[in-house]
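Here the structure comes first, spelled out in structure tokens, and everything after it is commentary.
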Amino acid sequence: MKLVRLLKGVCPNCKAPLSVEEVPGVNNARCLNCGSVIELQGFVIDVMVRLGDCEIRDWERFGQLSPTNQERVLQALESGMAPRELYPLLLKLKETGALICT
Amino acid sequence: MYLEFPAVWRYFRDYIEASGGILELKKALDWSVWYAAKWWREIYDAGAVNLKKPFVKALYLSLRAKNMIGEDGRPVKEVKKPELPKGLYAREWVEMHQQFDELGAVKVARDEVDRNVLDLLFSDIQTMGWHRIMVKAFLRACEETDGHAVLEPYSREGHLAQLYIEDYKPESYLGYDPNPSLVEVARQVAPGAVFTPVSSACQLSGQFDVVLLVEKLQWVADPLRELDCIGRLLKPGGRLYVAQPNVDSMPGYLAILSAIGAQQVYTWKEVENLLTLRFRLEKRLIKTMPFYGAIYVKPHSAEVRR
């Protein structure tokens with residue numbers, strides 16, 4: 001589980017929304033929709049939590065979260081990314097062994 | 001308490017609408033009273049009343065203020081179980097009380113609940129939808145704008161900074177907190193802000209336009225000293241935005257906040273008295289529901305001399 005910088009914008013060719021993880025020194029990326037190579041200049045930077053291979057190990061502790069945040073964490077686990085405001089919550093779940101990440 | 005609905009409607013319309021309307025909001029707020037009464041009864045019956053504990057003190061003072069318990073702590077008024085609200089955010093508020101209830105009020109009063117569980121609850125509350133709406137509505141009610149140098153005491157995990165930066169473009173944003181691990185987390189949560197691990201504003205320098213005292217005073221061990229130092233950092237004419245849950249507001253929520261590490265419990269009048277010792281009250285938004293909300297100003301030196 002780590003924080004990553006995402007560059008968010010729209011492909012100038014096909015107008016599909018595009019979100020790519022920032023790699024130092026790399027200024028372009030390939031659009032997943034139309035395949036064209038696009039410059040990332042002007043894209044908005046967002047910080048998110050990349051979860052990787054994480055799973056809930058202690059459901060009892062996890063069940064102590066509010067239903068809304070339980071759902072948000074489960075959705076984050078499914079997509080592999082979480083909004084950064086969930087970082088403290090995820091960190092605590094991980095520290096207490098309720099969330100296991102490899 | 002409900003006499004304040006017009007003021008709440010004026011400044012927190014978003015919150016009311018997100019709760020499903022004023023009646024849904026009222027149901028949600030009634031639950032806070034109902035749970036507080038339930039927790040007090042459990043603590044009282046178990047002989048676990050110790051007013052040195054902020055959690056127990058918060059329950060005692062807020063239920064006393066509502067004449068629901070006698071001076072000796074004996075419950076004197078029954079509270080009818082309210083109807084469950086249907087609004088999404090109103091329900092989330094009730095669920096937060098349910099969550100806390102499951103920990104066991106007596107265990108909390110006796111410090112028998114795992115600290116990690118309470119810490120988790122704190123992070124949970126900070127990311128709840130109702131809390132987010134409430135904080136944002138409060139900043140809007142303060143008519144906050146871009147371009148300010150902002151100071152946030154007790155920045156904890158950086159949630160307030162994150163919410164602030166979502167809506168405003170500050171010239172600078174400095175949060176401080178005595179806990180270095182929380183500062184580390186805050187830096188990740190709100191990368192647009194700067195956080196520093198110091199125990200008090202007395203250790204800082206700089207000049208700020210705005211100080212965010214949104215649910216902060218409960219953490220401060222020596223509030224007047226802290227306000228003195230905050231005053232030194234505030235530019236003349238600079239403003240403090242104060243939002244403080246208190247014993248006259250939502251007793252259940254106040255008790256939960258107190259259980260997760262608060263040092264102090266205030267009445268709304270105590271909050272106001274404390275702040276007017278050092279600052280000028282510019283505008284009181286709300287007294288009690290769901291917190292005390294006001295804007296204070298640091299007077300210019302000529303004003304102070306007068």
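The values are calculated or read from the model by the stated rules, or taken from the named source; none is laboratory data. These numbers were taken from a predicted model, which means no experiment stands behind them. Cβ atoms come from the backbone with ideal geometry, glycine included; neighbour counts cover every protein chain shown. These area figures cover heavy atoms from the full protein model, side chains too; ligands, DNA and RNA do not enter into them. Shrake-Rupley method; radii C 1.70, N 1.55, O 1.52, S 1.80 Å.
Listed values, structure above:
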read-out	value
Restricting the stretch B:111-156 to residues that are of a type in the set (Val, Ile, Thr) and more than 9 Å from chain A (Cβ to nearest Cβ), the residue that is most open to solvent (accessible area, probe 1.4 Å)	B:THR145
Pair list, Cβ < 7 Å and 6+ apart or interchain, from the stretch B:4-31 residues that are closer than 21 Å to B:TRP268 by Cβ to residues that are at pLDDT below 75 and assigned to a helix (DSSP H, G or I)	B:ILE16/B:VAL8; B:ILE16/B:TRP9; B:LYS26/B:TYR2
Spans of helices (runs of 4 or more DSSP H) in the stretch B:212-306 with at least 3 residues among the charged types (D, E, K, R)	B:223-233, B:268-276
Close pairs from the stretch A:11-31: first more than 13 Å from A:ILE45 (Cα to Cα), partner basic (Lys, Arg) and in a strand (DSSP E or B), Cβ under 9 Å, at least 6 apart	A:PRO17/A:LYS8
Meets criteria (outside any strand (DSSP E or B), away from chain B (no Cβ under 14 Å) and either touching a residue at least 24 places away in the same chain (Cβ under 8 Å) or crowded, with 18+ Cβ neighbours inside 10 Å (or both)) for A:GLY42	yes
Selection within the stretch B:206-235 - closer than 17 Å to B:VAL150 by Cβ and open to solvent by 30 Å² or more (accessible area, probe 1.4 Å)	B:GLY206, B:GLN207, B:ASP209, B:ARG232, B:LYS235
Candidate set from the stretch A:48-94 (those that are assigned to a helix (DSSP H, G or I) and of a type in the set (Asp, Glu)); member that is farthest from A:LYS2 (Cα to Cα)	A:GLU60
For A:GLU55: the one exception among (1) closer than 18 Å to B:ASP124 by Cα; (2) touching a residue at least 40 places away in the same chain (Cβ under 8 Å)	(1)
Candidate set from the stretch A:83-100 (those that are open to solvent by 30 Å² or more (accessible area, probe 1.4 Å) and over 20 Å from A:SER19 (Cβ atoms)); member that is farthest from the other protein chains (Cβ to nearest Cβ)	A:ILE100
Candidate set: the stretch A:1-25, residues that are of a type in the set (Val, Ile, Thr) and within 28 Å of A:CYS54 (Cα to Cα); chosen: the one modelled with the lowest pLDDT	A:VAL23
Candidates B:LEU61, B:LEU84, B:LEU88, B:LEU51 - the one that is open to solvent by 10 Å² or more (accessible area, probe 1.4 Å) and farther than 30 Å from B:LYS136 by Cα	B:LEU51
Unique match (being surrounded by fewer than 19 Cβ atoms within 10 Å (Cβ to Cβ) and out of contact with any helix residue (DSSP H, G or I) (no Cβ under 9 Å at 6 or more places or on another chain)) among B:GLU17, B:GLU42, B:GLU71	B:GLU17
Residue within the stretch B:161-176 that is within 14 Å of chain A (Cβ to nearest Cβ), assigned to a loop (DSSP other than H, G, I, E, B), at pLDDT 95 or above and buried (at least 18 other Cβ atoms within 10 Å of the Cβ) present	no
Filtered residue count, the stretch B:177-194, keeping only those that are part of a loop (DSSP other than H, G, I, E, B) and under 20 Å from B:ASP119 (Cβ atoms)	4
